[in-house]
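The values are calculated or read from the model by the stated rules, or taken from the named source; none is laboratory data. Because the structure is predicted, anything quoted here is derived from the model rather than measured. Note: ideal-geometry Cβ built from the backbone for every residue, glycine included; neighbour counts use all protein chains shown.
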Amino acid sequence: MTQENITSVLVEKRTFSPSEDFVSQANLNKKEYERLKSKAETDFEGFWSELAEKNIHWFKKWDKVYQWNEPFSKWFTHGKTNVSYNCLDRHLKERANKTALIWIGENGDKRKITYGELHREVCKFSNVLLSLGVKESDRIVIYMPLIPEAVVSMLACTRIGAVHSVVFGGFSKEAILSRINDAKAKIVITSDGGYRRGEIVPLKNNVDEALKKCNSVEKVIVVQRTKNKIEMKDRRDLWYHELLSSSSEKNDAEKLDSEHPLFILYTSGTTGKPKGILHTTAGYILWATLTTKWVFDIKDSDVYWCTADIGWITGHTYVVYGPLSCGATVLLYEGAPNYPDWGIFWKIIDENKVNIFYTAPTAIRAFMKAGDEWIKKYKLTSLRLLGTVGEPINPKAWLWYHSNIGKEKCPIVDTWWQTETGGILISPLPGITAIKAGSATFPLPGIFAEVVDEKGNKTKPEEDGFLVIKKPWPSMIRTIYGDDVRYKETYWSRFKNEPAMGRAGEPAKREAVYFTGDGARVDKDNYFWLLGRVDDVLKVSGHLLSTMEVESCLVNYPLVAEAAVVGYPHEIKGNAICAFVVLKNDVTARSDSDEAAPSGIVEDLKNYVAKAIGPIAKPDQIRFTETLPKTRSGKIMRRLLRDIASGKTTSGDTTTLEDASVLEKLRTNE
């Protein structure tokens, strides 16, 4: 993709500095920030060693800070630690009676769980898993609503060394099946159902359907949440509450190797097959802990709320592991942001005195559209820090968030990171950074980010390019599960560092750098501005979706011959999905309203995708065409389709088109 496809339209020039009061109490002050930044540049290993010693509990210290065998890394080699211990056991002396989780169900249920209570339940469930024959490195799939038992399940896996793979509760049975089979999971943990906008999501039924085509799963553990009618299969299905009733509260956390696999989290890829992102133990929990302290300025007295589901990486790092490792009080809400009405989030903040609120730009734009009257009913005076995650936030939404939710007193941390990075890499530090609305500002200490052109050379200020990370970091992806080749090709094959001089003045080998897949620019003040994806992966409502995955689904529909899927700007979701569909020869349809189209085909196609992948993948538009714009080699030119879907004039080179008249026909049918 050329640089013309990652054009910036960000224009806000003002800066917003933290107040003196916020600066005076911040976890990270400017002097310490400058010291850390300098140490990372001059003593890279010493920098990470210092932070690891101060922030993580170790059963055994490491031999070497990191090993780099391009593009594979190992951090804190031969050290021994445990994520569950860092999140629970080390807090028990001082925080056993402190609230760890405040859980609010969509139907009004509410629970408060202390660190001591959470520790006991995790120990009991760890013993349950062991009694079922789970061993270190066995894979366990977790497919649940956002309830405390989901957090317990994750922590129990990490306690005994099992590898969890959390599947978002909104995904369909087909998505569950692909993830179970890829991971060869031994256990599935689910619930009878979950609440979503007043309806019950049939999670257990989806698991039952998926397991008809799976032979690796031995047991299904079911949490009773909604008490809807489900089928329990003899000798396979077990009730969570019955298993816990006879389980011991004593379980010593396993002393696991620093590089022991922690979890696999599947994200969409351009091939259509989800990628199993593999993270390991010590480096991940170190960075989750540090970034929670630095970026969210988290205090022992804070009530912290990240609105993400645990099925996404944000839920892993900044709902569960980072905050609990810091000993925080974490709020969990099961429901949607607009049910029973658009005021539910603000009601929760007021009633629970939430101090830190972290959500997605998609949600912010939806709140803007819903109207300020929903906000004016609530005080929101407890808030002291706001955050955004999932995609770049446009300046207009940032300013609305700053004014209406933050009351112009709360710093906003606009964070950039990915499933693959494990934690935040570029973000304001709330007690230090003067913020520009819409900019993620600067890389954190220890992170060496750069924007490069197509040849890998550093861009000039204000010049759009491609975001790369030039040095390894502890929480980075280790590989794509079961596919080292795909890992190399996806992240490490596109760009190289500028060559250093070797011995006798000879050029040294150019090392690969991590390609994020995102466009970016750096302004004259060195602020980073993220511009979104530059490949064929869509970011819809903060979630990544593969165009190939959606296209493959559409082509499976009996009447469809070909399909091409692209994104176009959407004021709420960031990107909306437009599908260009070629029907089979015996079917004709020129538009959604064409009388020649089979009755209901548009809605059928949309629902077909929603059922196969999940509601989030449902196309916003379906446009019928006789053919797609292709190169002479048969490659679909999605860049041109993006222009059409966005209502733009076609730009760029079209000389490789096999049939130039296709574009005019597509525009005629708009």
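For (1) at pLDDT 75 or above; (2) among the aromatic types (Phe, Trp, Tyr); (3) at negative phi; (4) in the same structural domain as residue 562 (by TED's automatic domain parsing), each residue gets a yes or a no:
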{"residue": "582", "(1), (2), (3), (4)": "yes, no, yes, yes"}
{"residue": "592", "(1), (2), (3), (4)": "no, no, yes, yes"}
{"residue": "596", "(1), (2), (3), (4)": "no, no, yes, yes"}
{"residue": "599", "(1), (2), (3), (4)": "no, no, yes, yes"}
{"residue": "610", "(1), (2), (3), (4)": "yes, no, yes, yes"}
{"residue": "632", "(1), (2), (3), (4)": "no, no, yes, yes"}
{"residue": "647", "(1), (2), (3), (4)": "yes, no, no, yes"}
{"residue": "651", "(1), (2), (3), (4)": "no, no, yes, yes"}
Go through (1) farther than 24 Å from residue 444 by Cβ; (2) over 17 Å from the mean Cα position of the chain (by Cα); (3) not aromatic (Phe, Trp, Tyr) one by one and return the number of the condition residue 311 breaks. (2)
Could you tell me whether any residue of the stretch 231-251 is in contact with a helix residue (DSSP H, G or I) (Cβ under 8 Å, 6 or more places away or on another chain), in contact (Cβ under 8 Å) with a residue 60 or more places away in the chain and acidic (Asp, Glu)? yes
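Quick grid of which residues meet (1) closer than 22 Å to residue 113 by Cβ; (2) among the small types (Gly, Ala, Ser):
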residue: 296; (1), (2): yes, no
residue: 316; (1), (2): yes, no
residue: 321; (1), (2): yes, no
residue: 363; (1), (2): no, yes
residue: 389; (1), (2): no, no
residue: 393; (1), (2): no, no
Do we find a residue being in contact with a His (Cβ under 8 Å, 6 or more places away or on another chain), part of a loop (DSSP other than H, G, I, E, B) and surrounded by 24 or more Cβ atoms within 10 Å (Cβ to Cβ) anywhere in the stretch 269-291? no
Taking the stretch 172-186 and keeping only residues that are of a type in the set (Gly, Ala, Ser), in contact with a Gly (Cβ under 7 Å, 6 or more places away or on another chain) and under 13 Å from residue 276 (Cα atoms), one is left with 175, 183
Select from the stretch 459-483 the residues that are part of a loop (DSSP other than H, G, I, E, B) and hydroxyl-bearing (Ser, Thr, Tyr) and write down the one among them that is surrounded by the fewest Cβ atoms within 10 Å (Cβ to Cβ). 459
Just name the residue that is nearest to residue 300 (Cα to Cα) out of those in the stretch 329-362 that are among the hydroxyl-bearing types (Ser, Thr, Tyr) and part of a strand (DSSP E or B). 329
In the stretch 62-76, which residue that is in a loop (DSSP other than H, G, I, E, B) and out of contact with any helix residue (DSSP H, G or I) (no Cβ under 7 Å at 6 or more places or on another chain) is farthest from residue 476 (Cα to Cα)? 63
Number of positions in the stretch 39-83 that are basic (Lys, Arg) and within 30 Å of residue 483 (Cβ to Cβ): 3
When (1) buried (at least 18 other Cβ atoms within 10 Å of the Cβ); (2) more than 21 Å from the chain's Cα centre (by Cα); (3) in contact (Cβ under 8 Å) with a residue 60 or more places away in the chain are applied to residue 438, the one that fails is (2)
Every residue from the stretch 378-408 that is part of a loop (DSSP other than H, G, I, E, B), at pLDDT 95 or above, of a type outside the set (A, V, I, L, M) and at negative phi: 378, 379, 381, 382, 384, 406
Here are the criteria: (1) outside any helix (DSSP H, G or I); (2) farther than 30 Å from residue 483 by Cβ; (3) not small (Gly, Ala, Ser). Tell me which single one residue 36 does not satisfy. (1)
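To keep it simple, each residue is scored yes or no on (1) surrounded by 24 or more Cβ atoms within 10 Å (Cβ to Cβ); (2) assigned to a strand (DSSP E or B); (3) in contact (Cβ under 8 Å) with a residue 24 or more places away in the chain.
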| position | (1), (2), (3) |
| --- | --- |
| 158 | yes, no, yes |
| 170 | no, no, yes |
| 175 | no, no, yes |
| 182 | no, no, yes |
| 185 | yes, no, yes |
| 195 | no, yes, yes |
When you go through 456, 519 one by one, which is the residue that is modelled with pLDDT under 95, under 23 Å from the mean Cα position of the chain (by Cα) and buried (at least 16 other Cβ atoms within 10 Å of the Cβ)? 519
Apart from one, (1) more than 25 Å from residue 105 (Cβ to Cβ); (2) in a strand (DSSP E or B) all hold for residue 215; the odd one out is (2)
